[in-house]
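Worksheet for the structure shown next.
The values are calculated or read from the model by the stated rules, or taken from the named source; none is laboratory data. Values in this document were obtained by computation on a predicted structure and should not be read as measured data. Quick reminder, even Gly has a Cβ in these numbers, built from the backbone with ideal geometry, and neighbours come from all protein chains shown.
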Amino acid sequence: VFVAADYATELAGRYGGDAVVARAAAMLHDIADVKMAKRGKAHEAESRHMARELMKEVGFDNVQIQVVVDDALPYHSCHGDERPATLEGKILATADAMAHLQTDFYLHATWAFGGERTLADVKAWTLEKIRHGLDVKTFFEEVRAELRPSYELLRQLYSR
Ligand SMILES: [Fe+2]
């Protein structure tokens, strides 16, 4: 989360988004992790609820709260046809993909799935997720070019 938040701040500087809103979105996008395992819709709904309450509490205005809670959080994963509409929403999606492609995220995911999935399944899941991160969640052409070397290495590693 802190890695994604730093990328979100950096992207807001580069592309002209509201840096505080973009950072808040990144800090809050999985906030329900403090209460429950990350499985399905309940986690997402709880993250949005907690984000709304916390943002109200510290004085964000309604528009800023809407951008985070009604756009960035629900659409940053870019499932199916869903895409964030706001710049800060696109920044969160991109920052999340950057955090996944440029940290040990997939190694941890491999360990976490170790007990319940075969290695072949984990590799297939990873290959699809890195592709989705680069091609779908990354909204800025320049950033996609910057991420490509990390993507390529992970792709080769998980293809073996
Ligand atoms: Fe994330």
### Task
Can you confirm whether the stretch 63-74 contains a residue that is touching a Pro at 6+ places or on another chain (Cβ under 8 Å) and within 26 Å of Phe140 (Cα to Cα)?
yes
### Leading residue by the ranking (nearest to Tyr75 (Cα to Cα)) among those in the stretch 125-156 that are among the aliphatic types (A, V, I, L, M) and surrounded by fewer than 14 Cβ atoms within 10 Å (Cβ to Cβ)
Ala145
### Message
Condition first: away from the ligand (no atom under 16 Å from the Cβ), of a type outside the set (Gly, Ala, Ser) and buried (at least 17 other Cβ atoms within 10 Å of the Cβ). Now tell me which residues in the stretch 16-53 satisfy that.
### Response
Asp18, Val21, Arg52
### Message
Just to be sure before I move on: is Gln156 part of a helix (DSSP H, G or I), over 17 Å from Ala8 (Cα atoms) and modelled with pLDDT of 95 or more in the structure I sent?
### Response
yes
### Message
Can you pull out every residue in the stretch 116-149 that is of a type in the set (Lys, Arg) and under 21 Å from Leu11 (Cβ atoms)?
### Response
Lys129, Arg131, Lys137, Arg144, Arg148
### Summary
Across the stretch 94-110, the tally of residues that are in a helix (DSSP H, G or I), closer than 15 Å to Tyr151 by Cβ and within 12 Å of the ligand (Cβ to nearest atom) stands at 8
#### Entry: Among (1) surrounded by fewer than 19 Cβ atoms within 10 Å (Cβ to Cβ); (2) of a type in the set (Phe, Trp, Tyr); (3) closer than 26 Å to Ala12 by Cα, the one test that Phe113 misses
(3)
### Message
Considering only the stretch 77-85, I want to know if a residue exists there that is more than 20 Å from Ala5 (Cβ to Cβ) and surrounded by 15 or more Cβ atoms within 10 Å (Cβ to Cβ).
### Response
yes
### Message
Under 6 Å between Cβ atoms, which residue pairs at least 6 apart in sequence (or on different chains) link something in the stretch 24-43 that is over 21 Å from Gln66 (Cβ atoms) with a partner that is more than 11 Å from the ligand (Cβ to nearest atom) and β-branched (Val, Ile, Thr)?
### Response
none
### Task
Filter the stretch 111-153 down to residues that are β-branched (Val, Ile, Thr) and assigned to a helix (DSSP H, G or I) and give me whichever is farthest from Lys90 (Cα to Cα).
Val122
